[in-house]
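Quick notes on the structure that follows.
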Amino acid sequence: MKRLGAYLALWLQGLLYALPFGILLLLAGMPYWPFPQLWPGWSFQAWHLLWGGSDNVLPAFLHSLVLALSVGALATLGGFLSSRALQQSMLAGWARRWAYFPFLLTPVIYALLLQYFFTWLGWGGSLGGVLLAQLFITYPFAFLFFQGFWTPRVQALINTAVTLGAQQRQVFWRVLWPYARPALVTCFFQTFLISWFEYGLTSVIGLGKVPTLALTVFQYLSEANPALAAAAGLLLIAPPLFLLWLNKRVLLTAAVYEV
Amino acid sequence: MLRRVVLPTLLKRAAPVILLYFVFALGSYEIPLLLGRSHPQMLSVYAMDLLDSYQLETIPQAYGLAALYTSFMALLLLLLSAGRRLKQKPV
């Protein structure tokens, strides 16, 4: 009986997760369901408009992809290297405390605080400016993420490799890199997701000149165009799902810091 | 037992998570923008409305609101850390 309850709860949870996707599919593929038709008719009009019509989302998709991949790679690498450099420094405590600062504020408020400086420097409304602004959030995340990585065990591994005659480069590529790979992949995935779904910061710093897929979805919603919004929304969740499937072995295991 | 034992123990354990969720909910933007009512608005939505407004005089108000929010969060953090330090101080 207890087992049945657990299964039911699991199915219910799965259903709750799947329901929004079902609604999105319905809105994107079957926008017309007039009474008294029993079933809605299929229509690919939203998809045609999305790719070929005046509402071409390809630039937005490419902008999002370039931004998320760059932000993910830079934040992960920066967080990994700087957490290693600051690990034994006297400033480590302060750096950790300051890294929490962006998370105290909502990205929109943080963007409002940054916007003046970005505009003054001429970085507002450019892809590079948005990338830098997103790094203000993702880099501290990556820095905090790797705080738990540098355990005495990792230090002992590095010391052993150095004692056995390995050079700095060999220590990095042969010892640290393979050991840190699951953590690096997880951090990259999370920072990619933060950048990919970022709306407030991108809209404030981008000044509407850097179209991303998240901004496009909100634009369709504000235009009261549910079919296009649903199609763009499905497009928005496709790359993260693909990345999740690609790295499911690493991402779906609980022990990120274990080899 | 619930009031004297269970709840205080749970609250003590869950305090950081409750604080995190409080900060997260206080500053949430996308969900209130889509599903929230137009009046009264959440603070971040209101700030963005002021910024996006065509009236130039509302833009400084948006920056002021952002500064006010940041000051409030900093004050909250200071009070919490001061309270924690006082609690940890041996009698």
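The values are calculated or read from the model by the stated rules, or taken from the named source; none is laboratory data. Keep in mind that what you see is a predicted model, and the values were worked out from it rather than measured. Reconstructed Cβ throughout: ideal geometry from the backbone, glycine too, with neighbour counts over all protein chains shown.
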Give all pairs with beta carbons closer than 7 Å in which a residue from segment A:111-132 that is under 19 Å from residue A:67 (Cβ atoms) and part of a loop (DSSP other than H, G, I, E, B) meets a residue that is at pLDDT below 85 and basic (Lys, Arg); count only pairs at least 6 apart in sequence or on separate chains. A:125/A:209
Mind checking which pairs have a first residue in segment A:159-170 that is more than 17 Å from residue A:85 (Cβ to Cβ) and a second that is assigned to a helix (DSSP H, G or I), Cβ under 6 Å, 6 or more apart or different chains? A:161/A:171; A:161/A:175
All-but-one check, residue A:156 against (1) hydrophobic (A, V, I, L, M, F, W, C); (2) surrounded by 12 or more Cβ atoms within 10 Å (Cβ to Cβ); (3) more than 22 Å from residue A:93 (Cβ to Cβ), failing number (2)
Restricted to segment B:35-61 and to residues being loosely packed, with under 11 Cβ neighbours inside 10 Å and hydrophobic (A, V, I, L, M, F, W, C), the residue nearest to the other protein chains (Cβ to nearest Cβ) is B:35
I'm trying to understand the selection: among the residues of segment A:196-252, which are over 17 Å from residue A:65 (Cβ atoms) and acidic (Asp, Glu)? A:223
Quick check on my filter: what residues within segment A:80-110 are more than 12 Å from chain B (Cβ to nearest Cβ) and either in contact with a strand residue (DSSP E or B) (Cβ under 8 Å, 6 or more places away or on another chain) or in a loop (DSSP other than H, G, I, E, B) (or both)? A:87, A:88, A:89, A:90, A:91
Within segment A:30-54, tally of residues that are in contact with a helix residue (DSSP H, G or I) (Cβ under 8 Å, 6 or more places away or on another chain) and in a helix (DSSP H, G or I): 6
Which residue, of A:65, A:12, is of a type outside the set (Lys, Arg) and loosely packed, with under 12 Cβ neighbours inside 10 Å? A:12
Is segment A:191-204 home to any residue that is over 18 Å from the mean Cα position of the chain (by Cα), modelled with pLDDT of 85 or more, buried (at least 18 other Cβ atoms within 10 Å of the Cβ) and within 14 Å of another protein chain (Cβ to nearest Cβ)? yes
